[in-house]
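Taken together, the values in this text are just the output of simple stated rules run on the coordinates, not laboratory data. Because the structure is a prediction, the values reported are computed rather than measured. Using ideal geometry, Cβ is built from the backbone for each residue, glycine included, and neighbour counts are taken over all protein chains shown.
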Amino acid sequence: MNSPVQHEDAVRRQVEHILSSSAFRSSTSLRRLLEYLTEQTLDGGAQDLKEYRIGVEALGKAEVYDPRVDPSVRVQVGRLRSRLAEYYQTEGAQDPIVISVPKGGFGVVFEERRTAVEAPVAEPLEPPPPAAPAMPPPARIRPVAWIALGLLGVAIILSLFYSPMQDRKTDGGAAFQELWKPYLASEHLILISMGIPMWIHFESKGPDGTVLAGDVRDGRLNEWPVEAAAEEGKLLESWRKLLKPDKLEPRHHYMAVGEAMATATLSKALGRYANPTLVRSNLLSWDNVHGSNTIFVGAPKFSPHMRHAPFIQNFRIGNFQVDNLHPEPGELPAYPNEPK
């Protein structure tokens, strides 16, 4: 059971511990951002935190910075949320204080972990024994396992186990049902995350005042850069010099035809047994991932959660089959590999 942390010194010690972790050690901008948001919250100024102020005071933006044109503050805060979640899944799984940045604002929340049967301690500076982690560490839990399916993988699976042109009484075949059994037998929601690539949207005004707009796709840019010195920042700057736009921002409005067809077919196949929900990868939250059986469709570079979350791969796409990398008792080492 979590309770608010009452002492600022304990919070600052926890922040220092987080900043020294491998999850934050290499990111100067996230370190500055976490320190800044923490101090502002401790000083009672969380309600006054705005994008412009954070950009200028924490991220070193120029005074002409316009949040309506440059969404980097929102992007960076989103990364901070993801990085904190990653930290508490791994290195911080036993930390006595949990720090988070809830959606809908920029204020930081500090909570002290306590076990359900523990009596309140008299001195808050003496942290209680660590409770079980708030979020499970990477583990091979079949009911909530993740399967990352690329376009080729989805196409192979569907061609092997499901064909709308065939009239099968088993609605997809025994191999299909066996492969997806942990999902179909679970009470958790089945969530299909569609990998949506990031495009660069630009707008410029012509001599007559007409707005000229367009979108370009750079396969090397899959997240909006927040640091100009980073490789992604240099790539974006090259586009800025080439296009000379009045406005430049990320867009997630397009999806490859192959991924779209694979998502539709997979949804239809699973829909015979369950009611899967579709969500765009750029709108997927960590709460969604932890509260559902999530299936990722598309390349990992299109899904931030696949890139940042530590998880164990249980399946791999092989030649005309799906390999079960860690078969449990009674499971097949590959699908289809029907018993003769």
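If the segment from residue 94 to residue 69 were pulled out straight at 0.36 nm per residue, it would be longer than the present Cα-Cα gap by 5.0 nm. Specify whether the C-alpha gyration tensor of the range 20-104 places it in the rounded, prolate or oblate class, a ≥ b ≥ c being the square roots of the eigenvalues: rounded for a/c under 1.5, otherwise prolate if a/b is larger than b/c and oblate if not. Judged from the Cα gyration tensor, the range 20-104 comes out prolate (a/c at least 1.5, a/b above b/c). In terms of the mean number of neighbouring beta-carbon atoms within 10 Å, the peptides 28-36, 205-213 order highest first as 28-36, 205-213. Given their separation in residues at 0.36 nm each and the Cα-Cα distance between them, residue 247 and residue 28 gain 76.2 nm when the chain is fully extended.
Within the shell of other residues whose beta carbon sits under 12 angstrom from the beta carbon of residue 75, the net charge comes to -3, with Lys and Arg scored +1 and Asp and Glu -1. Full extension of the chain segment joining residue 48 with residue 228 gains 62.1 nm, where the gain is 0.36 nm per residue of separation less the Cα-Cα distance. Taken along the Cα-to-beta-carbon direction at a fixed 7 Å, the label points for residue 256 and residue 205 span 3.9 nm.
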